[in-house]
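These notes are about the structure you will find just below.
The values are calculated or read from the model by the stated rules, or taken from the named source; none is laboratory data. Just so we're clear, the structure is a prediction, and the values are computed from it rather than from any experiment. Note that each Cβ is placed from the backbone with ideal geometry, even for glycine, and that neighbours are counted across all protein chains shown. To get the accessible areas, we keep the full protein, side chains included, count just its heavy atoms, and leave off ligands, DNA and RNA. Shrake-Rupley method; radii C 1.70, N 1.55, O 1.52, S 1.80 Å.
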Amino acid sequence: MTAPAEALMDVRGLTKYFPTGSSFRLGGERQFIHAVDDVSFTLCRGKILALVGESGSGKSTIARVLARLHPATAGEAIFHERNALTLRGHDLLSYRGQVQMVFQDPFGSLNPVKSIGHHLERPIRIRRQTGGRDETRNKIYELLRTVGLTPPEEVANKLPHELSGGQRQRVALARALAVNPEIILADEPISMLDVSIRMGILNLLGQLRDEHGVSYLYITHDLASARYLADDTLVLYAGQIMEAAPSEDLMSEPLHPYTRLLLASVPDPRKSLEKRRVEVRGEIPTIVNPKPGCRFAGRCPKVTDVCRNQSPGLLEPRPGHHVRCHLYDPALATNPCAG
Ligand SMILES: Nc1ncnc2c1ncn2[C@@H]1O[C@H](COP(=O)(O)OP(=O)(O)OP(=O)(O)O)[C@@H](O)[C@H]1O
Ligand SMILES: [Mg+2]
């Protein structure tokens, strides 16, 4: 029997509202975009948790709030027994070393006129991890080898534009690793890369988890990569978790109609384009001061009146498999979603 996973970060009720601008009020009520609404999950040590959802579902906002780039509206993220969302001063600095973010665009996150070695040297020096020049240089080479960029002596002298997109993303990962983080928040780290090199980065992420015990919040549009890489998957829609389960359960036996739509829209050469277009119709609404009702009701093929009027809670119809859908509420005499 495998040991139970150790909780590393416990996110509870995470909420982020963005004001729509003071000039835009309805009936005197201030308008807020509910980008993230009462989201809870646990990131376990040495595990990968995927956050999947369409554009605008709130994935990046969650990562940015956890990276302390945006203040939270409400909620907490318990990390080493303290709420990471309220840390200040030296505690915040040390948190930022323990929780690193890797962005979608590896080129945009590197300074085009500075060498790769420079990008890796800075975090090492800021964290005062090494003493002399030689030690710093060796640490840089070791990081480059860890992410598969060899020979490190050559790569360290290159400028970002002299590397391919996949190599640049490896540099971004090396830079995150330079401070020995416990968690990496990876926001669509492969979506701007050629399909041919995505697999290499995914394997590298898995390898870093296995060999360095790094935990990830892996953000993606791509369910196939979540299935391949992540231990658990959360499906986000309009700022709310719609389904959460171990990745294999979620992909093989999805419960929520939205997850089913997402899975049905994964390109399958056996299906005609016409059929796929029907399956993915509609898009995520921007949620401003929401009214009661399921946020997915407008697109749901199984919608009923109760969905339009009552907000569903997160239910657990199977152990460890959560879903926000009235179809699974035994208190409402709706038929369990079979087909
Ligand atoms: N700084 C901001 N100010 C106002 N609204 C914002 C801001 N950042 C995000 N939003 C809004 O919050 C919602 C969620 O955005 P977010 O970027 O988190 O989505 P996402 O799931 O990461 O989308 P994508 O897949 O396109 O990256 C969207 O409606 C977006 O317009
Ligand atoms: Mg995003």
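The figures follow:
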| quantity | calculated |
| --- | --- |
| Residue check, ASP210 surrounded by fewer than 23 Cβ atoms within 10 Å (Cβ to Cβ), more than 17 Å from the chain's Cα centre (by Cα), at pLDDT 90 or above and within 21 Å of LEU8 (Cα to Cα) | yes |
| Residue identified as in contact with a strand residue (DSSP E or B) (Cβ under 7 Å, 6 or more places away or on another chain), among the aliphatic types (A, V, I, L, M) and within 16 Å of ligand 2 (Cβ to nearest atom) among ILE219, ILE183, ILE190 | ILE219 |
| Residues that are away from ligand 2 (no atom under 13 Å from the Cβ) and basic (Lys, Arg), drawn from segment 42-70 | ARG45, LYS47, ARG68 |
| Lone qualifier among THR136, THR150, THR146 - being touching a residue at least 24 places away in the same chain (Cβ under 8 Å) and among the β-branched types (Val, Ile, Thr) | THR146 |
| Failed condition for ALA72, given (1) under 22 Å from VAL214 (Cα atoms); (2) in contact with a strand residue (DSSP E or B) (Cβ under 8 Å, 6 or more places away or on another chain); (3) open to solvent by less than 50 Å² (accessible area, probe 1.4 Å) | (1) |
| Looking only at segment 158-197, and only at residues there that are under 16 Å from the mean Cα position of the chain (by Cα) and within 16 Å of ligand 1 (Cβ to nearest atom), the one that is most open to solvent (accessible area, probe 1.4 Å) | MET192 |
| Some residue of segment 263-284 being open to solvent by less than 40 Å² (accessible area, probe 1.4 Å), out of contact with any Cys (no Cβ under 9 Å at 6 or more places or on another chain), at pLDDT 95 or above and not hydroxyl-bearing (Ser, Thr, Tyr) | no |
| Filter pass, ARG125 being under 30 Å from PRO312 (Cα atoms) and open to solvent by 70 Å² or more (accessible area, probe 1.4 Å) | no |
| Positions within segment 86-125 being more than 21 Å from LEU149 (Cα to Cα), of a type in the set (Val, Ile, Thr) and in contact (Cβ under 8 Å) with a residue 12 or more places away in the chain, in sequence order | VAL99 |
| Candidates GLU162, GLU182, GLU153, GLU188, filtered to the one that is at positive phi and not small (Gly, Ala, Ser) | GLU188 |
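Rundown of residues vs (1) charged (D, E, K, R); (2) modelled with pLDDT under 95; (3) under 25 Å from GLY320 (Cβ atoms); (4) away from ligand 1 (no atom under 12 Å from the Cβ), yes/no style:
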{"site": "ASP10", "(1), (2), (3), (4)": "yes, no, yes, yes"}
{"site": "LEU26", "(1), (2), (3), (4)": "no, yes, no, yes"}
{"site": "ILE33", "(1), (2), (3), (4)": "no, yes, no, no"}
{"site": "GLY46", "(1), (2), (3), (4)": "no, yes, yes, yes"}
{"site": "SER60", "(1), (2), (3), (4)": "no, no, no, no"}
{"site": "VAL65", "(1), (2), (3), (4)": "no, no, no, no"}
{"site": "ARG82", "(1), (2), (3), (4)": "yes, no, no, yes"}
{"site": "LEU85", "(1), (2), (3), (4)": "no, no, no, yes"}
